[in-house]
Protein chains: 2
Amino acid sequence: MNATKELREVEKILKKDFTNEKIISNLYGHIFNTNGKKIRAKLNLISSYGTKSKNRYLLAAVIELLHTATLVHDDVVDDSPERRGKKSVNSMWSNAHGVLIGDYIYSKAFIHMVNIKNISILEELSSATNDISQGELMQLDALGNLDITLNKLKKISYFKTGRLFEASARTGGLLSKSSVMQLDYLGDCAKNLGILFQIRDDLLDYSIDKKIGKPNFQDLKEGKITYPFYYAYKKANLTQKKELKKALGKKSINQKTILTLIIKLNGIKKTEELASKYRKDAILLAKKIDNLKIQKEMIELIDQSLNRKK
Amino acid sequence: MNATKELREVEKILKKDFTNEKIISNLYGHIFNTNGKKIRAKLNLISSYGTKSKNRYLLAAVIELLHTATLVHDDVVDDSPERRGKKSVNSMWSNAHGVLIGDYIYSKAFIHMVNIKNISILEELSSATNDISQGELMQLDALGNLDITLNKLKKISYFKTGRLFEASARTGGLLSKSSVMQLDYLGDCAKNLGILFQIRDDLLDYSIDKKIGKPNFQDLKEGKITYPFYYAYKKANLTQKKELKKALGKKSINQKTILTLIIKLNGIKKTEELASKYRKDAILLAKKIDNLKIQKEMIELIDQSLNRKK
């Protein structure tokens, strides 16, 4: 059985719910009705290949619950109308519902992870959850900040995305009692994969393509500076800077004009180069993983992340 | 040293922060600058009297962090402009900031509690956190619902308030290795105390008094049916029902008229009777606690909660 097939088992745990309160089942059902890619759960399952622990699927479900809770809260934070091609909780119900069902999912993840009874796993996941919120706060604080540095952008990508990828791999390794050195290879490989995944996300947002299931140019419209904008702005002359600045944070923009300008200023090309660098590092680290099945599937995951269209 | 003095030590832990990100320190500082009553932390300290565990203050800080995270999120949910006499995070910054710093504080609580390395304590606190979010969701769903039952109101009071009081006492008992029976007395006593505390809160909201540090009649204005309204509405005739219904969820109301009506319909009196019932049960349970120092301070806490003016 490979990790993709095993995700079915994880989904069963995810969809099971404790409550008999109708409002909670409704919200919960709405959120878990559509299946996301579950790349973090997959990464976790891959990293724990070989262990006979009865908690393997439960741990993968915990990872997916944590991720989902952050998505639900992000939609409130970004005021997003959609998620995975469906209405977001905040747009279908309210911000209040989004905040509270997010808390419900977070704490459910904590209940499950406590049941695994492994302090190292608990340490890794509680620290990752804290780092994610830090990443999101840094990003929120950086909205519209044209002076943002490349280092800060990288820190945000790591905290808000890379960190949970890293924790997914490390906790998988912890469950299967990997050595400290192998845990580091797993974790560092996944960290690079996560940042790569985020960069690809940033690139997809700068594309005129409806297939990704969410509106494009969202980052730009929200005033969020991501790599394509960052690189373009750095290279822009004064007139071009003005034009880019004008578009940042504006709800209605001429998408073609902006995209053409960003392409012209190498914003896309430089971001793709950055993605290649993270891909290369991730592959190098994957090759140090001594379990060949894990190594192979990690490399597949890295290339899927680079090439994904949504 | 008594629990009130020990709270100083807890405050030191609370005010210490990990981050060097300015936005996070600013938000964190704003939230922990004012000292709340910390009744949950106090309850926890009282319940763990006698143990030599080095984690006593840390556990009390965890309880207070969890509680604070729920307050920050509640202010987003209720769109509250103030908290503890200062501007709320959502009104001073934004809803987005409130959501994310709440998540930050939650996960910080989890980091600390994992460091205590006691699975029973982790189970109790993760389950309590989940129950709180359920209580909040039930309350949100019940907004404006004039058909709400007394049982549902009691369930909401327990989940959103009583549950964390219960967990504060139980985890204190767990830390000091109390017997199963003593844990139950501690927990049940604290549960009743928590519900009593919530009922007193509901009563304070139906008073024309500026000393409580938050605006009055908030519950009514938000469409939240609490005990005073519930009892009054049940006894009201058709004309009075109409009048009460009209005020529910309205931002501007004639406070004196509504309060007079609710008093006339025994809404306050019946709620006070309910509070007395919870007080009585809490005291009975406190008397079963075999540590006399704990027993005495629990009873003091119960009477302070009943008589508090803010």
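Would you point out which residue out of B:222, B:297 is in contact with an Asp or Glu (Cβ under 8 Å, 6 or more places away or on another chain), buried (at least 17 other Cβ atoms within 10 Å of the Cβ) and of a type in the set (Asp, Glu)? Let's see the steps before the verdict.
On the way: B:297 fails: in contact with an Asp or Glu (Cβ under 8 Å, 6 or more places away or on another chain).
Within the list B:222, B:297, the selection yields B:222.
Search the range B:10-25 for residues being more than 9 Å from chain A (Cβ to nearest Cβ) and out of contact with any helix residue (DSSP H, G or I) (no Cβ under 7 Å at 6 or more places or on another chain), and hand back the single one that is farthest from residue B:198 (Cα to Cα).
B:20
Looking only at the range B:233-260, which residues are surrounded by 16 or more Cβ atoms within 10 Å (Cβ to Cβ) and either at positive phi or β-branched (Val, Ile, Thr) (or both)?
Once the filter is applied, which keeps residues that are surrounded by 16 or more Cβ atoms within 10 Å (Cβ to Cβ) and either at positive phi or β-branched (Val, Ile, Thr) (or both), the range B:233-260 yields B:253, B:258.
Looking only at the range A:98-112, how many residues end up being within 7 Å of chain B (Cβ to nearest Cβ) and touching a His at 6+ places or on another chain (Cβ under 6 Å)?
Matching residues across the range A:98-112 total 1.
Would you check which residues across the range B:223-243 are outside any loop (DSSP other than H, G, I, E, B), under 21 Å from residue B:78 (Cα atoms) and out of contact with any Gly (no Cβ under 7 Å at 6 or more places or on another chain) and list them?
B:227, B:230, listed by residue number.
Test residue B:98 against the stated conditions and say whether it is more than 18 Å from residue B:172 (Cβ to Cβ) and either within 15 Å of the chain's Cα centre (by Cα) or at pLDDT below 95 (or both).
So residue B:98 does not fit the description; no.
Is at least one residue of the range A:54-63 under 26 Å from residue B:72 (Cβ atoms) and crowded, with 17+ Cβ neighbours inside 10 Å?
yes
In this structure, does residue B:84 turn out to be surrounded by 23 or more Cβ atoms within 10 Å (Cβ to Cβ), of a type in the set (D, E, K, R) and under 19 Å from the mean Cα position of the chain (by Cα)?
Spelling it out, it is not the case that residue B:84 is surrounded by 23 or more Cβ atoms within 10 Å (Cβ to Cβ), of a type in the set (D, E, K, R) and under 19 Å from the mean Cα position of the chain (by Cα).
Which ones in the range B:113-163 are away from chain A (no Cβ under 11 Å), part of a helix (DSSP H, G or I), of a type outside the set (D, E, K, R) and out of contact with any Ser or Thr (no Cβ under 8 Å at 6 or more places or on another chain)?
Within the range B:113-163, B:150, B:151, B:157, B:158, B:161, B:162 qualify.
Within the range A:98-114, how many residues are in contact (Cβ under 8 Å) with a residue 40 or more places away in the chain and surrounded by fewer than 22 Cβ atoms within 10 Å (Cβ to Cβ)?
Here the count works out to 1.
So which of B:184, B:147 is among the acidic types (Asp, Glu) and farther than 27 Å from residue B:3 by Cβ?
The conditions single out B:147.
Which of the numbered conditions does residue B:41 fail, given that it passes all the others? Conditions: (1) surrounded by 19 or more Cβ atoms within 10 Å (Cβ to Cβ); (2) touching a residue at least 60 places away in the same chain (Cβ under 8 Å); (3) within 14 Å of chain A (Cβ to nearest Cβ).
(3)
Does residue B:61 satisfy being of a type in the set (A, V, I, L, M), without any contact (Cβ under 8 Å) to a residue 60 or more places away in the chain and not in a loop (DSSP other than H, G, I, E, B)?
Yes.
For residue B:94, are the conditions met, namely being within 17 Å of residue A:134 (Cα to Cα) and not aliphatic (A, V, I, L, M)?
Spelling it out, residue B:94 is indeed within 17 Å of residue A:134 (Cα to Cα) and not aliphatic (A, V, I, L, M).
Hey, can you tell me all the residues within the range A:136-163 that are surrounded by 20 or more Cβ atoms within 10 Å (Cβ to Cβ) and under 14 Å from residue A:191 (Cα atoms)?
Result: A:156, A:157, A:159, A:160, A:161, A:162, A:163.
With B:264, B:309 as the choices, which residue is at pLDDT 95 or above and not aromatic (Phe, Trp, Tyr)?
Of the residues listed, the single one that is at pLDDT 95 or above and not aromatic (Phe, Trp, Tyr) is B:264.
Kindly establish whether residue B:56 is away from chain A (no Cβ under 11 Å) and modelled with pLDDT of 95 or more. Talk me through it step by step, then tell me what you get.
Values: away from chain A (no Cβ under 11 Å): yes; modelled with pLDDT of 95 or more: yes.
Yes, satisfied.
The values are calculated or read from the model by the stated rules, or taken from the named source; none is laboratory data. Keep in mind it's a predicted model, so treat the numbers as computed, not measured. All Cβ positions, even for glycine, are placed from backbone atoms using ideal geometry, and neighbour counts span all protein chains on display.
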